[in-house]
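A short write-up of the structure that comes next.
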Amino acid sequence: MKKNSSLYVLFNGILRENPVLVLILGTCPTLATTTNVFGAFGMGVATLAVLICSNMIISLLRKIIPDSVRIPCYIVIIAGFVTVVQMLVHAFVPALYEMLGVYLALIVVNCIILGRAEMFASKNSVGKSALDGLGMGIGFTLALCAIATIREVVGAASFAGIAIPFLEPLKIEFFVKAPGGMVVYGLLIALVGRLTKGKSPKKKDFTCVGCPGMSFCTKSTCNVKKEV
């Protein structure tokens, strides 16, 4: 798959550059909304919608927005779409609106959305920016649902609010609390890191090339072979 192809852009955010499990962005909503699968899925879909729409508009206006005010402009655009999503959720899924609470409004300052606006949408076409938003949004949603599934099933003996009676005596409430969320989050980061990067490079693969101290480094302080 070519690096600049549409499929690469779409699937990049799902695993290789998953915003939650690889880039480690959006940690606050990740930990706060993953005690229930329903809430995690709702947050993921809301963020996905904002990502796609904001990426497209920012890409469309990328040659018009002055560099000196690009970040405030991005935030205004993102805030507009978040407001629309918030109103729709409030009107049609009030239970989800109550569950997500302030975290729905805080999508405005979610570093995943602002980061993709700055790193991708402001430099690429509308089509590719939409695909990037879709891929990153799907990756975000899948990560949240994976974390929420583990936390809710193990910690609350339920799935999406539906009780699992035979797991009730085995539930570990630690996992629905913040420390348990961090443990699950860390384990999934390690798993995805293993899948996307494989084995760590051997020591002999490292060199001093690019090191700021290469010019004054000596054999007595550095055993790695220099490359000129």
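The values are calculated or read from the model by the stated rules, or taken from the named source; none is laboratory data. What you see is a predicted model, and the numbers here were worked out from it, not measured in a lab. Note that we place each Cβ from the backbone using ideal geometry, even for glycine, and neighbour counts take in every protein chain shown.
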For the list (1) without any contact (Cβ under 8 Å) to a residue 24 or more places away in the chain; (2) surrounded by 14 or more Cβ atoms within 10 Å (Cβ to Cβ), I need the number of the one condition that ILE162 fails. (2)
What single numbered condition from (1) without any contact (Cβ under 8 Å) to a residue 24 or more places away in the chain; (2) surrounded by 14 or more Cβ atoms within 10 Å (Cβ to Cβ); (3) closer than 18 Å to VAL108 by Cβ fails to hold for VAL76? (2)
Got at least one residue in segment 86-109 being out of contact with any Gly (no Cβ under 6 Å at 6 or more places or on another chain), crowded, with 16+ Cβ neighbours inside 10 Å and small (Gly, Ala, Ser)? no
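For every residue, the table says whether it meets (1) of a type in the set (A, V, I, L, M, F, W, C); (2) modelled with pLDDT of 70 or more.
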{"residue": "ILE172", "(1), (2)": "yes, yes"}
{"residue": "ALA178", "(1), (2)": "yes, yes"}
{"residue": "LEU191", "(1), (2)": "yes, yes"}
{"residue": "LYS197", "(1), (2)": "no, yes"}
{"residue": "CYS208", "(1), (2)": "yes, no"}
{"residue": "PRO212", "(1), (2)": "no, no"}
Criterion violated by LEU15 - all others in (1) aliphatic (A, V, I, L, M); (2) in contact with a Ser or Thr (Cβ under 9 Å, 6 or more places away or on another chain); (3) crowded, with 22+ Cβ neighbours inside 10 Å satisfied: (3)
